Amino acid sequence: MPLLTNIGQLAVCPSQGGPSELGLIEAAALAWRREQILWAGSQRELPEEFKAFPSHDAGGALVVPGLVDCHTHLGFGGWRADEFEQRLLGASYLEIARRGGGIASTVAATRAVSQKALLSRCREFLSRIVQLGVTTLECKSGYGLDWPSERKLLQVYRELAAEGPVRIVSTFLGAHIVPPELRADRQRYVGALIENMIPAVARQRLAEFCDVFVEETAFSLEEARRILMAGKRHGLESKLHADQLSEGGGALLAAEVEAVSADHLECISEQGIQALADRRVVAVMLPLAALYLRQTPLQARRLIDQGVRVAVATDFNPGSAPSYHLPLALMLACTLQGMTPAEALRGATIEAARALRRGDRIGSLEAGKAADFVLLDAESVNHWLYHFRPNSCLQTWIGGKQVYQRGVATPRS
Ligand code: NIG
Ligand code: FE
């Protein structure tokens, strides 16, 4: 039964706590058995029977739960740096989409890539993501938009999940946009999603969640409702890309179908906020997407004050958020969206775990939960997100095993 000792500060992020409750313990120790946490507390109170166990010295580091990125589009072909430039020259994201660029161009690139090539690209991303302290990653399909290509993406995620060490959670986003070849016959695509693809995803256990992009250039509220209900009939819980570029009633629909999360929400109405609070739908902030699209950031306080649970994620994708840097997203959740570092940390641990229906297994350092934790080169959570550095992660542990160690020992700087 291993121990981690000499922890400068331990942030438990208790699952029952309020939005800024970190459950901080100074001069702490952590004990686990196999994959699970057994005990966390002040090192002075370490139970006698644990003292003889093999211990690792944390060197005074800040220790937090393994970070959970609860919204990514990890698998895709190509990039879209040209659109980045076009947007900077004045084109809007929607204009580019209407011209056939945007998601549609990544769909073409993704269809052209083999499963093997996609797998090795995702593996490469993951090898860097784990170095940032991320231990669980949600991955959406949605750049295939025909069954062979959607299945290819979900099979890549299944292989990554089997390989480890990062925990992978898959979401079916066949309803990202209507694929270009069916634009004139969108009902046929919606029908294929409902009658063929969703049942096949469920039968082959390729995903746990079903997501829909509700937007003028994507799916209407009515289409989304039908798709999400079909998902539910087949055991896939709902998620939504909601109210991102316009207020389209997405948050209200998320509440109506009791989705696990509603994501983006830059244009959410007061009524939408109330609905998320009433139905306990987690609101996922994606500040990198808002920043890259140069949108007015959503003030997270509006949601937190109404009692909505708020998570933070990267939205990693080649269009609106071409970065998988979750700590960067957390710093931006503070500076652009007005979250405190404590709220942001909870947003990428326990609240993100809830957005993946895993609040009982991961996301906090409490007895019985997975021993997923990260050592950070910082004296406090405030200092970590205030003095932002390319990487503050010293070590990443998943299921009680160390999976990353920073190469060179550097003094705190
Ligand atoms: O979450 N909003 C829709 N989907 C992605 C963007 C996808 C893309 O531009 O390729 C998002 O921002
Ligand atoms: Fe997204």
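The values are calculated or read from the model by the stated rules, or taken from the named source; none is laboratory data. From a predicted model like this one, the values you see are computed outputs, not experimental measurements. Because the Cβ atoms are built from the backbone with ideal geometry, glycine has one as well, and the counts that use them run over all protein chains shown. For the accessible areas, the whole protein counts, side chains as well, though only heavy atoms, and no ligand, DNA or RNA atoms are used. Shrake-Rupley method; radii C 1.70, N 1.55, O 1.52, S 1.80 Å.
Annotations
- Check on ARG87, crowded, with 18+ Cβ neighbours inside 10 Å, out of contact with any Ser or Thr (no Cβ under 9 Å at 6 or more places or on another chain) and basic (Lys, Arg): yes
- Filter pass, VAL134 being under 21 Å from TYR189 (Cα atoms), β-branched (Val, Ile, Thr) and in contact (Cβ under 8 Å) with a residue 40 or more places away in the chain: no
- For region 101-120, a tally of residues being within 16 Å of ligand 1 (Cβ to nearest atom) and open to solvent by less than 60 Å² (accessible area, probe 1.4 Å) returns 11.
- Evaluation of PHE50 against (1) within 25 Å of GLN395 (Cβ to Cβ); (2) modelled with pLDDT of 95 or more; (3) touching a Phe, Trp or Tyr at 6+ places or on another chain (Cβ under 9 Å) (one fails), failing number: (2)
- From the list PRO54, PRO47, the lone residue that is on the phi < 0 side of the Ramachandran plot and open to solvent by less than 70 Å² (accessible area, probe 1.4 Å) is PRO47.
- Residue list for region 10-29, filter: small (Gly, Ala, Ser), closer than 16 Å to ALA352 by Cβ and in contact with a strand residue (DSSP E or B) (Cβ under 6 Å, 6 or more places away or on another chain): ALA11
- One residue alone among SER320, SER380 is among the small types (Gly, Ala, Ser) and within 16 Å of ligand 1 (Cβ to nearest atom), and that residue is SER320.
- For region 297-311, residues that are within 14 Å of GLU266 (Cβ to Cβ) and either surrounded by fewer than 22 Cβ atoms within 10 Å (Cβ to Cβ) or within 16 Å of ligand 1 (Cβ to nearest atom) (or both) total 4.
- Within region 58-97, the set of residues being part of a loop (DSSP other than H, G, I, E, B) and either of a type in the set (Asp, Glu) or on the phi > 0 side of the Ramachandran plot (or both) comprises GLY59, GLY60, GLY78, GLY90.
- Any hit, region 166-188, residues being within 30 Å of TRP397 (Cα to Cα), of a type in the set (Lys, Arg) and open to solvent by 10 Å² or more (accessible area, probe 1.4 Å): yes
- Boolean, ASP211 is within 22 Å of GLU95 (Cα to Cα), within 16 Å of ligand 2 (Cβ to nearest atom) and not aliphatic (A, V, I, L, M): no
- Residue within region 10-18 that is over 27 Å from ALA311 (Cβ atoms) and either among the β-branched types (Val, Ile, Thr) or modelled with pLDDT of 95 or more (or both) present: no
- Residue that is open to solvent by less than 10 Å² (accessible area, probe 1.4 Å), modelled with pLDDT of 95 or more, more than 21 Å from the chain's Cα centre (by Cα) and not basic (Lys, Arg), where the choices are PHE219, PHE209: PHE219
- Search result, residues across region 137-165 that are open to solvent by 10 Å² or more (accessible area, probe 1.4 Å), among the hydrophobic types (A, V, I, L, M, F, W, C) and in contact with a helix residue (DSSP H, G or I) (Cβ under 8 Å, 6 or more places away or on another chain): TRP147
- Residues that are more than 20 Å from the chain's Cα centre (by Cα) and either surrounded by fewer than 24 Cβ atoms within 10 Å (Cβ to Cβ) or within 14 Å of ligand 2 (Cβ to nearest atom) (or both) within region 228-256 comprise MET229, ALA230, LYS232, ARG233, HIS234, GLY235, SER246, GLU247, GLY248, GLY249, LEU252, GLU256, listed in sequence order.
- Just one of the listed residues (LEU221, LEU153) is within 16 Å of ligand 1 (Cβ to nearest atom) and either within 21 Å of ALA251 (Cβ to Cβ) or touching a Pro at 6+ places or on another chain (Cβ under 9 Å) (or both), namely LEU221.
- Which numbered condition ALA29 misses (of (1) open to solvent by less than 20 Å² (accessible area, probe 1.4 Å); (2) of a type in the set (Gly, Ala, Ser); (3) under 27 Å from the mean Cα position of the chain (by Cα); (4) over 18 Å from ILE362 (Cα atoms)): (3)
- Filter result for LEU328 (within 14 Å of the chain's Cα centre (by Cα) and surrounded by fewer than 21 Cβ atoms within 10 Å (Cβ to Cβ)): yes
- Highlighted here are the helices (runs of 4 or more DSSP H) found entirely within region 262-321 that include at least 2 residues which are within 16 Å of ligand 2 (Cβ to nearest atom) and touching a residue at least 40 places away in the same chain (Cβ under 8 Å): 287-292.
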